[in-house]
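The values are calculated or read from the model by the stated rules, or taken from the named source; none is laboratory data. Only a predicted model underlies this, so the values are computations on that prediction, with no experimental measurement involved. Heads up, the Cβs are rebuilt from the backbone with ideal geometry, glycines too, and the neighbour counts pull from every protein chain shown. The area values use the complete protein model at the heavy-atom level, side chains included, leaving out ligands, DNA and RNA. Shrake-Rupley method; radii C 1.70, N 1.55, O 1.52, S 1.80 Å.
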Amino acid sequence: MPSFPPVEAVVRAVTLLECLNRHPVSSIAQLHFQTEIPKPSLVRLLQTLEGMGYVRRGPKAGGYMLTSKVQLLACGYHSQPRLVEVVAPLLDAVTEAIKWPAALAVPSNGAAVICYSTIPNSPLALLHNSIDMRLSLFTRALGRAYLAFCDEDEREALISMADVADNPENAALQDRRSLDATLELIRRQGYALRDPKVRPVSKTLALPLFDGQGVVGSIGITWFTSTMSDEEGVKRYLGLLQDVAAEAKAALTAPGQSDGA
């Protein structure tokens, strides 16, 4: 625990950046409501960040938005660097070809966490950002794809860490027989789909990613429910994701490749 109280100005600045990251453009009124920072202080913080190049005025009067410079704040973070390095350009190519957003997820403390997304490159994305989003291992396609293909010991460990209070979707774990049947089906067919009761506005198709040792993550494509069914989505995109998974595995298992190479 720190031996001193937090620096309020730093807390406010980081809180403001987090709120700006949730929407393409934010107004002073929105930011005040979300952060509870007084409006005069908000204006000073925004003007400071604008002067540093992290924020700029939006297309409408009174709006503010982040600039690409904020990416520099994460450039020194190297979790799963080799995996992201390999998979990111492959998913970028997928979105360029089909326009729908694609994502890469890895397991973390009982959830599947998105560590790369092509949402910024997709004209068809529902969300502004999904990086660091924690998804249920039991209802979301990216989570199911990983959970079904990891080894039994890891599966049980991940299941034991899942918290229903943290994510109500994890209540699906209460019917373990149904969950096991779902995972067995995923292993047989080689891919996972999102539970149709969860976020019905869209659908996701996901596959596991492997290196030479086992499953290391999952990749998926998301589309609007109104545009096609699960069956049509699988027909159109399963082969594409399988090609990405095969290319990623080849790169991850190439001689001389290691984390951070």
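Calculate, for the stretch 80-253, the solvent-accessible area per residue in square angstrom, rolling a 1.4 angstrom probe over the heavy atoms of the protein chains.
46
Any lysines with Cα under 28 Å of the residue 39 Cα? List them, leaving off those in the same chain fewer than 8 positions away.
The reachable lysines, counting only those whose Cα sits under 28 Å from residue 39, are 60, 69.
Given (i) 15.0; (ii) 18.4; (iii) 16.9, which label gives mean projected area of the Cα convex hull in nm² as computed from the coordinates?
So the structure-derived entry is (iii).
If the cut-off is 30 Å between C-alpha atoms, which lysines fall inside it for residue 249, apart from same-chain ones fewer than 8 positions away?
Qualifying lysines at Cα under 30 Å: 99, 203, 235.
Pairing the Cα long axis of helix 81-98 with the longest principal axis of the chain, what angle in degrees results, from 0 to 90 and rounded to the nearest 10?
90
Are there GluC sites (Glu not before Pro) in the stretch 209-256 that DSSP marks as loop and that have at most 11 other Cβ atoms within 10 Å, and which are they?
Sparse-neighbourhood loop GluC sites (Glu not before Pro): none present.
Compare 156, 36 by solvent-accessible area with a 1.4 Å probe and give them largest first, with all protein chains kept in place.
Output order, biggest surface exposure first: 36, 156.
Considering only protein heavy atoms and a 1.4 Å probe, what is the carbon-and-sulfur percentage of the accessible area of the stretch 123-261?
Heavy-atom surface of the stretch 123-261 belonging to carbon and sulfur, 1.4 Å probe: 51 percent.
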